[in-house]
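Right, one structure below, let's go through it.
Since every read-out is calculated from the coordinates, none of them should be taken as a lab result. These numbers come from a predicted model, not from an experiment. Glycine also receives a Cβ, built like all others from the backbone with ideal geometry; neighbour counts cover every protein chain displayed.
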Amino acid sequence: MKLRFGFSMFLLVIWCVSGGLAIAGTFSDDFSGDKLSDKWFVTNKRATGDEIKVANGVLTFDAKGTDVVTGIRYGTIDLTKGEFSLECDYLTGYQQTYISFNSDPSDTEAWDKQPMFIFIAVNGVYQFVGGGGPSVDAAFTYDVGQKDMHHYLVTFAPTNDPKVYDYHTSVDKGTFDKSGKLNISTMDPTNAYVYFEVWTASGSPTVLDNVVMTSPSIAVASAVNSNEKLSTKWGKIKSEY
């Protein structure tokens, strides 16, 4: 009994290490500190950087009615490694509030480095916009308004076509759901940058909180915890059998 169990566990370990199981890591930020994490790069177009504030456990984009684009960028994600998911809480106060993706990092805004695509709220209407080729089948719109915080989910999963991904997005955990095909055009899926941005031509401040991104290309954070290391788990299993 012990021999068979031990051999089975040995095969499982070998399978995991050799790539049979894509273990996804997670990056999360609830903005609970008093400054922006060094994992983020601040993008500015006609802006000074003072428009982004971290206080009271949230990140606020407050450009005071000026015509600027500003945001934060995270990167990189390798979309070919397996399913990527992004969740966040967003109050989309300004005229355009973005969750953007491109494969060429921009210091100004994602749109300036095409091809790129955005899951975007325009005047409170959630939708998809592509620049330089990317598109979704089929298009969608959903009214989220500009005064309330909503929970957003976006996921991508690779298909047999290297330029086509299965995508899914939802608002408020299923109040709105949309799935389909995302064509990334000539974007490099192994080198995807993620942006949270606003264009502040009109509206009120945008608020972002509880960002969680999960992907096999993100380092598994629990690896730094000795209680979660494979050797520790293996020791616990052996002691129980």
(request) Largest first and in whole Å, give the semi-axes of region 75-165's equivalent ellipsoid, each being the square root of 5 times a Cα gyration tensor eigenvalue. (result) 23, 15, 13
(message) Checking the a/c ratio against 1.5 first, then a/b against b/c, what shape does the Cα gyration tensor give for region 160-200?
(response) oblate
(message) Quick one: 3J(HN,Hα) in Hz for region 82-94, Karplus 6.51/-1.76/1.60 with θ = phi - 60°, rounded, Gly and Pro as x.
(response) x, 5, 10, 10, 9, 10, 6, 9, 9, 9, 8, x, 6
(request) Work through the residues other than Phe31 whose Cβ is under 11 Å from its Cβ and net out their charges, Lys, Arg +1 and Asp, Glu -1. (result) -3
(message) Counting only other residues whose beta carbon sits under 13 Å from that of Ala110, what net charge do I get with K and R as +1, D and E as -1?
(response) -2
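Could you work out how much longer the chain between Asp107 and Ser135 gets when fully extended? Use 0.36 nm per residue separation minus the Cα distance between them, nm to one decimal. If you can, show how the numbers build up before the last one.
Values: separation 28, 0.36 × 28 = 10.08 nm, distance 2.36 nm.
Length gained, Asp107 through Ser135: 7.7 nm.
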(message) Take Ala55 and Lys81, extend 7 Å from each Cα along the Cα→Cβ direction, and tell me the distance between the two endpoints in nm.
(response) 3.6 nm
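Going down the list Lys39/Lys163; Lys64/Lys173; Lys53/Lys163; Lys81/Lys113; Lys64/Lys178, which pairs span over 25 Å between their C-alpha atoms? It would help to have the intermediate numbers written out before the result.
Numbers: Lys39/Lys163 28 Å; Lys64/Lys173 31 Å; Lys53/Lys163 37 Å; Lys81/Lys113 23 Å; Lys64/Lys178 33 Å.
Violating the 25 Å Cα-Cα cut-off are Lys39/Lys163; Lys64/Lys173; Lys53/Lys163; Lys64/Lys178.
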(request) Report the local net charge at Tyr193: Lys and Arg +1, Asp and Glu -1, summed over other residues whose C-beta lies under 15 Å from its C-beta. (result) -4
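I'm a student and want to see the number: the projected area of the Cα convex hull of region 24-217, averaged over all directions, in nm².
Working: hull surface 38.5 nm².
Convex hull of Cα atoms, orientation-averaged projection: 9.6 nm².
Given a Förster radius of 25 Å and the C-beta distance between Asp34 and Asp172 as r, what FRET efficiency does 1/(1 + (r/R0)^6) yield to the nearest 0.05? Write down the numbers at each step before the final one.
Numbers: r = 29 Å, r/R0 = 1.17.
FRET efficiency, Asp34 to Asp172: 0.30.
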(request) Let me know the shape class of region 20-89, please: from the alpha-carbon gyration tensor, a ≥ b ≥ c as square roots of the eigenvalues, rounded when a/c is under 1.5, otherwise prolate if a/b is greater than b/c, or oblate. (result) prolate
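State the extension gain, in nm to one decimal, for the chain segment bounded by Thr190 and Lys163, taking 0.36 nm per residue of separation less the distance between their alpha-carbons.
Working: separation 27, 0.36 × 27 = 9.72 nm, distance 1.12 nm.
In short, 8.6 nm is gained.
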